[in-house]
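Working notes, beginning with the structure itself.
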Amino acid sequence: MPLDNLGKAINAALRKLTRGVVDEELVKEICRDIQRALLQADVNVKLVFELTTRIEERALKEKLPPGISRAEHVTKIVYDEITGVLGEKKEKIQVSAHPTKLLLVGIQGSGKTTTCGKLGRFFQKRGFKVGIVCTDTYRPGAFEQLKQFSTVDVFGDPEGKDAIKLAKDGVKYFTDRKTDLIIVDTAGRHKEEADLIEEMKRISKVVDPQEVILVIDGTIGQQAHQQAEAFMQATDIGSIIITKLDGSAKGGGALSAVHATGAPIKMIGEGEKIDALEEFDPKRYVARLLGLGDIESLLSKVKEATEHHEMTEKDAMKFMTGKFNLKDMYQQLEMVTSMGPLQQIMKMIPGLGMNVPSDMIEMSEERLKKFKVIMDSMTRDELETPKKIHFSNIKRIARGSGTSSKEVKGLLDQYNMMKKLFKQFGKRGKKLRLPKGFQM
Ligand SMILES: Nc1nc2c(ncn2[C@@H]2O[C@H](COP(=O)(O)OP(=O)(O)O)[C@@H](O)[C@H]2O)c(=O)[nH]1
Ligand SMILES: [Mg+2]
């Protein structure tokens, strides 16, 4: 996996989420870890700070969808934001015209010739008839290099001096042979950028490609931004392939910098071998990079939960009739801090909203946090059927959550009181009596 170090560092940061309570301090710590990892991968400083500020803000302020743990939520936010700097969509090189012609450009050593061979192999494996045209008249042995490396037909002339003529002849040669895909390799050896651009334009004119692909060496990190922009100004760059992402510490910088130019990164090179090329799918790439095995199911879980975020009447009924368990209470308490659904329930009961002072149903952050820690140490069965929690369970829960038996009992008392209170709410018309000792 390319960008191994970046992936490992962010993954290690995310693993801290399983350590215990996900509070402000932990979120900040994780953001700092991510910051460090991204800076080491040569991602632009401004981008890194914008990104981590957004992660922190969202992680601390966003409403937690019901049924989603704080840890899952933070993971999803980190995934979202990092995907955002690499692009959302997967864009592919299409072989639809007959023949489809691709022109590869880029500075010397960026990996053009290698990538031509890899692309040939990639599309050959998918059933296309592919040919490569070598127009490099500068580098001795360029034609031989390509012929040896490639698994498809290569057109060229080791003695040739005229790159434009080679391009023209090569395209004709393969067109005559009913080739589906013609890939044209260029030299890009010039020291003078102006000369290189001039030759590129002339070759482009005779080849008339469906797509001009810029090949960029990923090891240059965020400098890739300038390079991409310079080429984009000079020619009609359709897409970008970033090479040498295997083992390059700066690959993250190159990927994010190129994405920032607006040109789609369609493929990435991850090694010297002919098969080391893959289509770039930002979402899958980030999921793999962060070691998020099942991000899809997490995403759909969050989506579903968000869609049902507002408290339903059914939920309200559960509370009004006192038929709620600790799990329901936990979810409600989570929401209380952000939107106060308890108040919402109150409003659903005519004439009641007025009677209950709002501070009575607002729980302090501190207590809420403690409750959550305690509930995290309960089994599912206990959360669903709190009646079953006996003294021995209380001791275990206290140990597991690093609290005292008294605190666990405090939570259970609170639960029972809420139950009682809500049962009373349910019996409309009756005068409301708050249970003795009710407080939050
Ligand atoms: N590790 C690694 N090396 C690569 C990759 N792509 C190209 N190279 C190497 O980079 C060097 C220059 O590649 P070449 O294709 O000749 O670049 P060109 O001058 O743009 O045609 C060669 O030694 C390649 O083996 C890649 O994805 N990973
Ligand atoms: Mg070359």
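The table below gives the values:
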| quantity | calculated |
| --- | --- |
| The listed residue being within 16 Å of ligand 2 (Cβ to nearest atom), modelled with pLDDT of 95 or more and not small (Gly, Ala, Ser), out of Lys118, Lys129, Lys101 | Lys118 |
| Filter pass, Arg139 being within 16 Å of ligand 2 (Cβ to nearest atom), within 40 Å of the chain's Cα centre (by Cα) and at pLDDT below 95 | no |
| All positions within the stretch 81-90 that are surrounded by 17 or more Cβ atoms within 10 Å (Cβ to Cβ) and either free of Cβ contacts under 8 Å to residues at least 12 places away in the same chain or out of contact with any His (no Cβ under 6 Å at 6 or more places or on another chain) (or both) | Glu81, Ile82, Thr83, Val85 |
| Of all residues making up the stretch 212-257, the number that are surrounded by 22 or more Cβ atoms within 10 Å (Cβ to Cβ), more than 16 Å from ligand 1 (Cβ to nearest atom) and not small (Gly, Ala, Ser) | 0 |
| Top-ranked residue of the stretch 223-267 - restricted to ones that are within 16 Å of ligand 2 (Cβ to nearest atom) and in a strand (DSSP E or B), ranked as farthest from Val207 (Cα to Cα) | Thr243 |
| Test for Ser401: is it crowded, with 18+ Cβ neighbours inside 10 Å and at pLDDT 85 or above | yes |
| First in the stretch 169-186 and surrounded by fewer than 14 Cβ atoms within 10 Å (Cβ to Cβ), second anywhere and among the acidic types (Asp, Glu), Cβ under 9 Å, 6 or more apart | Arg177/Asp153 |
| Test: residue in the stretch 134-152 that is surrounded by 24 or more Cβ atoms within 10 Å (Cβ to Cβ) and more than 12 Å from ligand 1 (Cβ to nearest atom) | no |
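The values are calculated or read from the model by the stated rules, or taken from the named source; none is laboratory data. As the structure is a computational prediction, the values presented were derived from the model and not from experiment. Here Cβ is always computed from backbone atoms with ideal geometry, including for glycine, and neighbour counts include all displayed protein chains.
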